[in-house]
Amino acid sequence: MWRDKVVWITGASSGIGEAVARLLAERGARLILSARRADKLEDLRHALGEPERHKVVPLDLAATETIPVAVEAALRHAGRIDVMVHNAGISQRALVVDTDLAVDRRLFETNFFGTVALTKALLPSMLEAGGGRFVVVTSLVGKIGTPVRSAYAASKHALHGFFDSLRSELWSAGIRVTLVCPGFIKTDLPLHALTGDGTPQGFMDRAQSRGYPVERCAAKIVRAVERDREEVLIGGKERYAVYLKRLFPSLFSRLIRHARVT
Ligand code: NDP
């Protein structure tokens, strides 16, 4: 299903986005690669077979005013976008009482408003083409809240609300949405996670360093799209927290207070 499909991936300069890009390039997709670090994206593009089939469009999701220009560049190059993989994001490692409001806003600017702005700029062309798919990488904390992730969890919950609504509005127009909720995946995410004053944490977490392999995560994302899944949980045992909260909310509330999440 991927051959010659145009797939735009944000956060392709590392981690999950890079792994998805490598997998889809192998399957014959034409890729638009976005993130802030253009050099990393160019390195990836050249590492993919037939680099001329792919394009780098550098993008800072937090600078929403620049997003229409990026969309124009992507459409000028590819003519259409079949699948938009909203994967870029930043995490958080700080208690509510220690987190500046400016940091809460930064998390929302990138994770939520940047993603929403890109979606809105892209939608008219998708609707004109008769449809398209959004793959939105949220998190297990898009379904539950845990310590030291308050605004991060809120931004990911917000993505679920937004894209569930979008799916319901535009189903008959051919727009499909797959929400992806990873648990602990072994990537550099904790290094860049914001602390209370906005500085990056700068070191790895134990939970992530023992996390689910990123290539397997990418394979599950791709399979979820192929199976037309609306939502998928990916990771190890931590996935059961979502079911525990749904079935036994009081028990979940007691357990999460003591859960080791770093
Ligand atoms: P990485 O830190 O490896 O990747 C994050 C990506 O987002 C990078 O490519 C980064 O590129 C990009 N990015 C960050 N800020 C911006 C911005 N302002 N504009 C554009 N791109 C940006 O972590 P992961 O691969 O793990 O994270 C990918 C997604 O998966 C995120 O949305 C994260 O929340 C989610 N996730 C990850 C989990 C995990 O355990 N790893 C668990 C649950 C969810 P650059 O710095 O070049 O801009």
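The values are calculated or read from the model by the stated rules, or taken from the named source; none is laboratory data. Given the structure is predicted, the values throughout are model-derived calculations rather than measurements. No Cβ is skipped: glycine too gets one built from the backbone with ideal geometry, and neighbour counts run over all protein chains shown. Side chains are part of the model used for accessible areas, which takes the heavy atoms of the whole protein and leaves out ligands, DNA and RNA. Shrake-Rupley method; radii C 1.70, N 1.55, O 1.52, S 1.80 Å.
Structure summary
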| quantity | calculated |
| --- | --- |
| Charged-residue dipole, Cβ positions (Lys, Arg, Asp, Glu), the stretch 6-237 about Cα centre, Debye nearest 20 | 640 debye |
| Accessible surface, per residue, of the stretch 50-173 when the full set of protein chains is kept, probe 1.4 Å, Å² | 42 Å² |
| For the stretch 1-76 versus the stretch 220-259, the gap between their alpha-carbon centres in whole angstrom | 28 Å |
| Tally of Lys pairs whose C-alpha atoms are under 16 Å apart, taken over the stretch 6-237, 8 or more apart or cross-chain | 6 |
| Ranked order, Lys40, Lys5, Lys237, Lys156 - accessible area, probe 1.4 Å, largest first | Lys237, Lys40, Lys5, Lys156 |
| For the chain, share of DSSP beta bridges that run antiparallel, in % to the nearest 5 | 5 percent |
| P(r) tail fraction, the chain - alpha-carbon pairs more than 28 Å apart, % | 30 percent |
| Rounded FRET efficiency, nearest 0.05, which uses the C-beta distance separating Val96 from Asp228 and R0 of 25 Å | 0.10 |
| Highest-first arrangement of 240-249, 104-113, where packing means the average Cβ count within 10 Å | 104-113, 240-249 |
| Relative contact order for the chain, counting Cα pairs under 8 Å that sit 6 or more residues apart, in percent | 19 percent |
| The stretch 185-260 - accessible surface per residue (Å², probe 1.4 Å) | 62 Å² |
| With every protein chain in place, the chain: carbon and sulfur % of accessible area (1.4 Å) | 53 percent |
